[in-house]
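See structure below.
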Amino acid sequence: MKLKKGIPVIDQGNKLGFWGGKFGGNFVPETLKKPIEDLEVLFNKLKKDKKFIQERDRYFKNWIGVPTRFIKLENLTRHVGGAQIWSKVVSDANGGAHKVYNATVHCLLAKRSGKKVIIGDTGAGYAGKMLSMAAKKFGLKCKIFMGAKDIARQQPNVKAMKKNGAEVVPVYSGSQTLVDAVSECMRFWVANCDTTAMCIGSTVGPAVFVRICGWSTSQISRELKVQLIDEFGSIPKKLKLYNCVGGGSSSFGFWNEFMDYDKRQCEFIGVEAGGPAKSKKHAAPLTYGSKIGILHGAAQYVNQNSDGQIEETESISAGLDYPGISPLHCFLKDTKRARYTAASDEQALNAYKLVTKFEKLRPSLEPSHAFAVAIAESKKLSKDTIVIVNSCGDAYKDRGILEKRLGKKYVKSN
Amino acid sequence: MLNPISVAFIKAKQENRPALLTYTVAGDSSKKQSLNILKSISKNADILEVGVPHNTPVADGSQIQTSAYRAIKNGIKVNDIFKIVKDFKKFHKNKPIILMGYYNMIFQYGENKFLNKCNLSGVNGLIVVDLPWPENKNFAKKCKKKSIYFIQLLSPTTTTKRLKKIIKDSHPMSYFISMLSTTGGKLKVSPKEIIKNYNKIKKINPKKKVVIGFGITEKTIGKLKSADGLVVGSAICKEISRSLKHRQNPVTNVSKLVKKLKSKIL
Ligand SMILES: Cc1ncc(COP(=O)(O)O)c(C=O)c1O
């Protein structure tokens, strides 16, 4: 299996949509074949269309507010005493997380295809919040599917969705988390694909959804590349990019522009959710060697039992609480371009405490997983190593959990 | 030897009626009970579809999901399903059985091993909901070598060009999904419209059998009589759930329902 240079990774799949010949594809009911093909044709056309790119960039700039900041975490660096620790503050983006790029692009595509309704899944609630925001902006009706457990633990984002006029549909099946929300969303699409557009909230699902999402979040690394050159004059010789990985959209977008660099210069580290230290359950299929299986239309490494039933996951972070992982990351793992590891709930909480103690930055529980590993590894790295953590979400949505686990002083009122 | 699925269509045709296909989930609500249901409905059903329950089904509505989750909770495994089929075939050797499920279950078992087990236990056909054409070409060929029908699904969204290609590769039976819906949705298209679409498919190759499924109940089955076969699934799963809720015997209740369904197409 080989990663090609000079070709965007999203376009390295084969005719049937498989990366490396075995990850991804389109394991979908017959009914979805046509709408997926229509979306593929539209996306392949528009991503080469200069006018469309300009339109996208205009919304990214004026509405999402790109570029997001790239900052040095001086105090944290001093405290850790190793590599320089920096952050790409993607939570600056309108709505507070990277999910806004994909949501915006899907709404632009939906408008072009004449659809009046857009549906989406959400775990942490950011994908849903951003889709509801974008739908409102573009005049589309919006319906968000969310596991009942996640509705309970991510209330601030649920309120935001409702305020934006979206209908939030609770999903009670299975573990009542993201995996069930995506299933229910796909089922709804099966029954309504003639009138309705679907947005999948991460780089998962049938191949075209993986591609659209990866294409959208790549904005992050496009900006970062410019910012690195502004700051250092060139791409640093020792660069390490840390990102949490749920479905894999923020990490893929954070890395995409650096794909062709040698990994000894520019290393990618994906951090999955290891779950509670005491629990056997986790959401880290790459770290713990899960087998390839089919989930939500794509072949990927996925937590499952020997019969092929998808296994329940457990994580303090709703956004990472997913048994599968993007085919793009399976591909990056097997080609050894990226390295994957996991952080436990407790490690993420500790990292949150440390970051907020030293910096004016409040990463949500998802990026706190990435901070945990970045901080631990930075200690042993040289001072000329540039460690960058994608702070891809803001902790406001996690205030209930943070208050319960760490006490009131870690929660601000805004 | 002719596949018993084809024999069932010939028999139904001789009686001037469509074949009646039932769908029940293996292991719902227990292994033994699902076997007993199969035995008792086989008097009136021509072809038995047996669902392989999966916990992340992307095309099933709430009735079948409920049945599937119930079966999984009660511990059903793929090997138990083969055992149910085998036990059933001891009782009724020539009644055709089709397994219907999601590809991951076959993938994890191993395609070849799965097909061997199908042969050993007496499975006559397979429907794999999330393995569409052309992705299913290889697997369909393997099925053919084992004399198992791989049943292609066709949908109202399938373009005419695509229909022709699928039918060209298809085995003697295909399955037309009546409308845009998960299983168990309310019939939102008129039976007349469904039959019109069905006829369009039949015209491509009149010799190949096409059954219609999704949304068919006691109320609607009579209006679709001109098809080669009709599948009832969610209505049966719903009856099992209802029986359990009222502490009644699902075996007798489902039998009665299937008998009634049959009477509507005679
Ligand atoms: C803030 C944040 N980070 C990360 C994730 C994980 O998703 P992904 O791996 O697609 O970026 C989520 C998902 O909801 C999220 O809300």
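The condition of being part of a helix (DSSP H, G or I), within 14 Å of chain A (Cβ to nearest Cβ) and of a type in the set (A, V, I, L, M) holds for B:ALA71. Of all the criteria given as (1) within 11 Å of another protein chain (Cβ to nearest Cβ); (2) open to solvent by less than 10 Å² (accessible area, probe 1.4 Å); (3) in a loop (DSSP other than H, G, I, E, B), the one not satisfied by A:ALA299 is (3). The set of residues in region A:251-279 being charged (D, E, K, R), within 27 Å of A:GLY24 (Cα to Cα) and open to solvent by 10 Å² or more (accessible area, probe 1.4 Å) consists of A:GLU257, A:ASP260, A:ASP262, A:LYS263, A:GLU267. For region B:170-266, the helices (runs of 4 or more DSSP H) that sit wholly inside it and include 2 or more residues that are open to solvent by less than 60 Å² (accessible area, probe 1.4 Å) and without any contact (Cβ under 8 Å) to a residue 40 or more places away in the chain are B:191-204, B:234-245, B:250-265.
Can you find a residue in region B:13-29 that is of a type in the set (Gly, Ala, Ser) and either touching a Leu at 6+ places or on another chain (Cβ under 6 Å) or open to solvent by 10 Å² or more (accessible area, probe 1.4 Å) (or both)? The answer is yes; a qualifying residue exists.
Of all the criteria given as (1) more than 16 Å from the ligand (Cβ to nearest atom); (2) surrounded by fewer than 22 Cβ atoms within 10 Å (Cβ to Cβ); (3) assigned by TED's automatic domain parsing to the domain that holds A:ALA298, the one not satisfied by A:VAL89 is (1). Helices (runs of 4 or more DSSP H) fully within region A:1-84 that include at least 3 residues being under 23 Å from the mean Cα position of the chain (by Cα): A:33-46, A:50-59.
Of the residues making up region B:131-145, none is part of a strand (DSSP E or B) and aromatic (Phe, Trp, Tyr). Flag: A:GLY248 matches the condition of being within 16 Å of the ligand (Cβ to nearest atom) and either more than 14 Å from chain B (Cβ to nearest Cβ) or open to solvent by 20 Å² or more (accessible area, probe 1.4 Å) (or both).
Being acidic (Asp, Glu) and in contact (Cβ under 8 Å) with a residue 60 or more places away in the chain is the filter here, so list the residues in region A:23-62 that pass it. Talk me through it step by step, then tell me what you get.
In the first step, residues of region A:23-62 are kept if they are acidic (Asp, Glu); the result is A:30, A:37-38, A:40, A:49, A:55, A:57.
Result: A:ASP38, A:GLU40.
Among the residues making up region A:217-245, a single one is more than 18 Å from A:ILE325 (Cβ to Cβ) and either within 14 Å of chain B (Cβ to nearest Cβ) or within 12 Å of the ligand (Cβ to nearest atom) (or both): A:ILE220.
Residues that are within 9 Å of the ligand (Cβ to nearest atom) and either open to solvent by less than 10 Å² (accessible area, probe 1.4 Å) or at pLDDT below 95 (or both) within region A:97-123 comprise A:ALA97, A:ASN102, A:THR122, A:GLY123, listed in sequence order. Within region B:14-57, the only residue that satisfies the criterion of being without any contact (Cβ under 8 Å) to a residue 24 or more places away in the chain and basic (Lys, Arg) is B:LYS32. For A:ALA197, state whether it is in contact with a strand residue (DSSP E or B) (Cβ under 7 Å, 6 or more places away or on another chain) and within 18 Å of A:ARG56 (Cβ to Cβ). It is true that A:ALA197 is in contact with a strand residue (DSSP E or B) (Cβ under 7 Å, 6 or more places away or on another chain) and within 18 Å of A:ARG56 (Cβ to Cβ). The set of residues in region A:152-167 being surrounded by fewer than 22 Cβ atoms within 10 Å (Cβ to Cβ) and touching a strand residue (DSSP E or B) at 6+ places or on another chain (Cβ under 9 Å) consists of A:LYS162, A:ASN164, A:GLY165, A:GLU167.
Scanning region B:155-169 for residues that are among the basic types (Lys, Arg) and buried (at least 19 other Cβ atoms within 10 Å of the Cβ) returns a single hit, B:ARG162. Screening region A:172-201 for residues that are within 8 Å of chain B (Cβ to nearest Cβ) and over 20 Å from the mean Cα position of the chain (by Cα) and picking the one that is surrounded by the most Cβ atoms within 10 Å (Cβ to Cβ) gives A:VAL190. Scan region A:296-336 for residues that are on the phi > 0 side of the Ramachandran plot and in contact with a strand residue (DSSP E or B) (Cβ under 8 Å, 6 or more places away or on another chain) and jot them down. Matches in region A:296-336: A:GLY308 only.
The values are calculated or read from the model by the stated rules, or taken from the named source; none is laboratory data. What you see is a predicted model, and the numbers here were worked out from it, not measured in a lab. Because the Cβ atoms are built from the backbone with ideal geometry, glycine has one as well, and the counts that use them run over all protein chains shown. Surface accessibility is based on the protein's heavy atoms, side chains included, excluding ligands, DNA and RNA. Shrake-Rupley method; radii C 1.70, N 1.55, O 1.52, S 1.80 Å.
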